[in-house]
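Please treat every number below as a calculation from the coordinates, not as lab data. Since we're looking at a predicted model, the values are computed, not measured. Positions of Cβ are generated from backbone atoms using ideal geometry, with glycine treated the same way; all protein chains shown enter the neighbour counts.
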Amino acid sequence: MPYVNIQILSGATKQQKANLVRDVTDSLVRELGKRPEHIHVVIQEVEESNWGFEGLLTDEWKARRSDP
């Protein structure tokens, strides 16, 4: 039973999320021969203020990129 957890920043539309679930499911069926009824896909939307990379929170990272 494959379980896929996708974490994204908030803001995706319902259609975009539906497309992700369909595409991931199709990929697991095609590449690994899994049955669609056994595949679970969870999308977790994370607020930008709770996301960080390169050692910075997203808002700090954006501010540094916009500085000349």
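What the table shows:
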read-out	value
Filter result for GLY11 (more than 19 Å from the chain's Cα centre (by Cα) and either surrounded by 12 or more Cβ atoms within 10 Å (Cβ to Cβ) or free of Cβ contacts under 8 Å to residues at least 60 places away in the same chain (or both))	no
Lone qualifier among VAL4, VAL42, VAL24 - being outside any helix (DSSP H, G or I), within 14 Å of the chain's Cα centre (by Cα), touching a residue at least 12 places away in the same chain (Cβ under 8 Å) and surrounded by 14 or more Cβ atoms within 10 Å (Cβ to Cβ)	VAL4
